[in-house]
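So the structure is just underneath, and the comments pick up after that.
The values are calculated or read from the model by the stated rules, or taken from the named source; none is laboratory data. It should be emphasised that the depicted structure is a prediction, and the values quoted were computed from it without experimental measurement. Please note: Cβ atoms are built from the backbone with ideal geometry, for glycine as well, and neighbour counts cover all protein chains shown. For accessibility, only protein heavy atoms count, side chains too; no ligands or nucleic acids. Shrake-Rupley method; radii C 1.70, N 1.55, O 1.52, S 1.80 Å.
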Amino acid sequence: MKSNMIVSVRGRYVITHEGEVLRDKAVVFEENRILAVTDVGRDVEYKPEEIVERKHHIVMPGFIDCHTHTQQILLRTSISDRELPLPPIWTRYLIPFERMLDDDLAYLSSLLSIAGKISSGVVYFVEAGAPRPYALIKALKETKMQGAVTMSTFDVLDGETPNTREVLEEVERLLAHRSEGNDVWISIRQVTMATRELIEKLRDLALKHNVGLTLHLSEYQGEVDYTLASYGMRPLEFIDHIGLTRVKPLVIAHGVYLSEAEINIVKNKNLGICWCPTVDSLVMGEHWIPLSYDDLLFGVGSDGGAFTNLDILHELKVARALGKAINASLKYDKTSLDSKTLFKAATGWGGSIVGRRIGLKPGDEASFIVINHKNIKTIPLYDPVEAVVSFIEGESVTDVIVRGNFLKKNGALTTIDKEKLENLIIELIPKLEEKIYELKIKLPIQNIYSRRALYS
Ligand SMILES: [Zn+2]
């Protein structure tokens, strides 16, 4: 795109990051910033070089996926009810798989994840910890997608003790690769997988370089027992005690097993919780967010393509049903966790949590999406917010603008050859099947596997 190019995107409805619905408006942007939301017709006053006409469409801020694993997607459909109960699944299955990836596979995996995100309207994501972060940086640059890259960081794993100093050096080397628009953050895989020394030094690195940090926290009961036994505190109390909560942005993934006192820390310190409705339910249990979301900033995450289709629009439907079920069964209240709250969580609040101004106000990042609501699955439409939260899925996203670049236009990806990528992945299946088999026969549940039974 030429510099200073002004573009207007017209829609039947515009939904702001606050969930306010406007009719027959145009979103005008210049380079990577929003200029205005104005009436269709008045947008010409900005002298746009291009007017994108979308007659049956909703224009809205893009989705933030606040927790994802771009390099686990090649495990897709390999995790059944047999693997889910593995104690814990990440050290037994997910991390060993990540270690099998070479640079080429990690790059393809990143590309497939990015393609899935762009397709369904995600404009920014937080990588939870990639085994090969440079492959992710390469894929982000090529596709012009935006995200916070992190490296899978730990110094304790099933008796292995990676050298803490070497781990820290690797993290610091990676931090040198951040660039305008593209973030490199720090990740802590799990407090159970990191020595106190590593956690404290990663905190210092984040503060020194002024970068964000993300970690899996309070995601299983053994972890709560572990920090109580090791530090005399629950996980969030511990990281708060050592000052990790001074790091901003700080994205806490899951946080399913937070106590009342820990939820108060979240609220008082304005910490961001990333709720992953599908995966938290599959692997962990009911989340407390539907019961206690007042005065709380939370976002919505996919937790990666191994468990989900990466569609935040789909996650919203799961979140809504879960939220209603929990509130109805405990309080017989069907009004809690309303659709507008969920809309804000997946867009503007998610942006605040990750430290990016993604909205439709002048000066906000031009990272927004267009959704076609003329669809047999979504008509008739009276309330666009209800349509987004309860009915529309990723296939209806027609345009995705990320920092002023159209990464999806009129239904087609612009920076990724979708068919070529699909074919490449399909060709790889026999090779991947071998790797997955090698992994599965080593699992503590190996006796149920045989080469023939694995995929039948
Ligand atoms: Zn995760």
Report summary line: To the nearest Å², the heavy-atom accessible area per residue of the chain with 1.4 Å probe amounts to 40 Å²
Report summary line: Under the helix-only model (-39500 (n - 2.57) for each DSSP H run of 4 or more, divided by the residues of the chain), the mean residue ellipticity at 222 nm, to 500 deg cm²/dmol, is -10000 deg cm²/dmol
Report summary line: Rg from C-alpha atoms of the range 222-377, normalised by the globular rule of thumb 2.2 N^0.38 Å, equals 1.11
Requested in this report: Return a whole-number percent for the relative contact order of the range 92-160, with Cα pairs under 8 Å and 6 or more residues apart as the contact set.
Outcome: 33 percent
**Report entry** Where Y134, Y13 fall by accessible area, highest first, once all protein chains stay in place (1.4 Å)
**Finding:** Y134, Y13
Query raised in the report: Along the positive direction of the dipole of the chain (beta-carbon charges: Lys, Arg +1; Asp, Glu -1; about the Cα centre), which of Y46, G243, A366 reaches farthest?
Result: Y46
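Quick one: net charge of Y231's neighbours, Cβ under 11 Å, K/R +1, D/E -1?
So the environment of Y231 carries a net charge of +1.
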Requested in this report: For the chain, give the magnitude of the charge dipole about the Cα centre (Cβ charges: +1 Lys/Arg, -1 Asp/Glu; no others), in debye to the nearest 20.
Outcome: 700 debye
Report task. Taking the chain as the reference, fit the longest principal axis to its C-alpha atoms, fit the long axis of helix 221-231 to the helix C-alpha atoms, and give the angle between the two in degrees, 0 to 90, nearest 10. Result -> 70 degrees
Query raised in the report: Cα axis of helix 196-209 to longest principal axis of the chain: angle in degrees, 0 to 90, nearest 10?
Result: 30 degrees
Report summary line: Set K55/K141; K269/K409; K141/K431; K269/K331; K248/K431; K334/K377, cut-off 30 Å on Cα-Cα distance; pairs above it are K55/K141; K269/K409; K248/K431
Query raised in the report: What does the accessible area of D383 come to, in Å² to the nearest 10, when a probe of 1.4 Å is used?
Result: 70 Å²
**Report entry** With all protein chains modelled, accessible area of F391 [1.4 Å, Å²]
**Finding:** 120 Å²
Query raised in the report: Using only the Cα atoms, what convex hull volume per residue in Å³ does the range 63-354 have?
Result: 121 Å³
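Largest first, what is the accessible-area ranking of W349, W275 with a 1.4 Å probe? Write out the running numbers ahead of the final one.
Values: W349 55, W275 5 Å².
Output order, biggest surface exposure first: W349, W275.
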Requested in this report: Give me the lysines in straight-line cross-link reach of K442: C-alpha distance below 16 Å, same-chain residues under 8 apart excluded.
Outcome: none
**Report entry** Karplus-derived 3J(HN,Hα), 6.51/-1.76/1.60, for each residue of the range 395-406, Hz, glycine and proline x
**Finding:** 4, 7, 6, 9, 9, 10, 10, 10, 6, x, 9, 6
Report summary line: In order over the range 68-73: 3J(HN,Hα) from phi, Karplus 6.51/-1.76/1.60, θ = phi - 60°, whole Hz, x for each Gly or Pro, gives 8, 10, 5, 10, 10, 5
Requested in this report: Specify the angular offset, from 0 to 90 degrees and rounded to the nearest 10, of the alpha carbon long axis of helix 312-331 from the longest principal axis of the alpha carbons in the chain.
Outcome: 70 degrees
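Note down the Stokes-Einstein diffusion coefficient of the range 229-289 in µm²/s, whole number, using a Kirkwood radius over alpha carbon pairs, 37 °C, and 0.692 mPa s. It would help to have the intermediate numbers written out before the result.
On the way: Rh = 12.2 Å.
The diffusion coefficient I find is 268 µm²/s.
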Query raised in the report: Hey, what did the chain get for relative contact order, percent, Cα under 8 Å, at least 6 apart?
Result: 21 percent
Query raised in the report: Using heavy-atom solvent-accessible surface (probe 1.4 Å) with all chains present, what is the largest-first order of E315, E31?
Result: E31, E315
Requested in this report: Kindly work out what percent of the DSSP beta bridges joining two residues of the chain are antiparallel, to the nearest 5.
Outcome: 50 percent
Query - Selected from L168, L310, T347, residue furthest toward positive end of dipole (the range 63-354; charges at beta carbon) - result: T347
Query raised in the report: How large, in percent, is the carbon and sulfur part of the accessible surface of the chain at a probe radius of 1.4 Å?
Result: 50 percent
Report summary line: Treating every alpha carbon of the range 60-178 as one equal point scatterer without solvent, the Debye formula yields log10 I(q)/I(0) values at q = 0.11, 0.17, 0.21, 0.23 Å⁻¹ of -0.39, -0.91, -1.26, -1.39
Requested in this report: Using only protein heavy atoms and a 1.4 Å probe, report how much of S109 is accessible, in Å² to the nearest 10.
Outcome: 0 Å²
Query raised in the report: How large is ³J(HN,Hα) for each residue in the range 89-102, as worked out from phi by the Karplus curve 6.51 cos²θ - 1.76 cosθ + 1.60 (θ = phi - 60°), to whole Hz, x for Gly and Pro?
Result: 5, 6, 7, 8, 10, 5, 5, x, 5, 4, 6, 7, 6, 9
**Report entry** Nitroxide proxy distance, nm - points 7 Å out along Cα→Cβ at S179 and E419
**Finding:** 3.0 nm
